[in-house]
1. Obtain the nm distance between the two label points defined at ASN7 and ASN28 by a simple spin-label model: each point lies 7 Å from its Cα along the Cα-to-C-beta direction.
2. Sequence-distant or interchain residues sharing an amide H contact under 5 Å with GLU8, placed H: which?
3. Normalised by the number of residues in the chain, what is the relative contact order in percent for Cα pairs under 8 Å and 6+ residues apart?
4. For a test of understanding, tell me how many lysine pairs in the chain have Cα atoms under 14 Å apart, given they are 8 or more places apart or on different chains.
5. Hey, what's the Kirkwood Rh for the stretch 3-68 if you take every pair of different alpha carbons, in angstrom?
6. Restrict the search to the chain; then list the GluC sites (Glu not before Pro) that DSSP places in a loop and that have at most 15 other Cβ atoms within 10 Å of their Cβ.
7. Would you mind finding the longest exposed-site-free stretch of the chain, with exposed trypsin sites (Lys or Arg not before Pro) meaning DSSP loop and at most 14 other Cβ atoms within 10 Å?
8. Placing +1 at every Lys and Arg Cβ and -1 at every Asp and Glu Cβ, with all other atoms neutral, what dipole size does the chain have around its Cα centre, in debye to the nearest 20?
Amino acid sequence: MKENESNEFFVIKAKENGVNVIGLTRGNETRFHHSEKLDKGEVMLAQFTEHTSAVKVRGKAVIYTRHGEVDTEG
């Protein structure tokens, strides 16, 4: 993976208790490799890496990226 394709940071801010953040692997088979649970007001700073290709957010949260802001409908 080229350096400019990875290490992009994003921020997830929970709008309710129990927001799940799940990291998905890169490669031939996509698998869950990490999960976190956030409570209302908690913020998680994360990044895409050579191992993480996607992130799934379950619950009410706001995700901030360099491309803009996404508000989940949870």
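Just so it is clear, none of the values below were taken in a lab; they were calculated from the coordinates. What you see is a predicted model, and the numbers here were worked out from it, not measured in a lab. Because the Cβ atoms are built from the backbone with ideal geometry, glycine has one as well, and the counts that use them run over all protein chains shown.
1. Going by the 7 Å Cα→Cβ label model, 2.9 nm.
2. PHE48
3. Numbers: 163 pairs, mean separation 28.3, N = 74.
It rounds to 38 percent for the chain.
4. Lysine pairs meeting both conditions in the chain amount to 10.
5. The Cα-based Kirkwood calculation yields 12.2 Å.
6. On the way: sites: GLU3, GLU5, GLU8, GLU16, GLU29, GLU36, GLU42, GLU50, GLU69, GLU73; in loops: GLU8, GLU16, GLU29, GLU42, GLU50, GLU73.
Here the sparse-neighbourhood loop sites are GLU8, GLU16, GLU29, GLU42, GLU50, GLU73.
7. It works out to 3-30.
8. About 160 debye.
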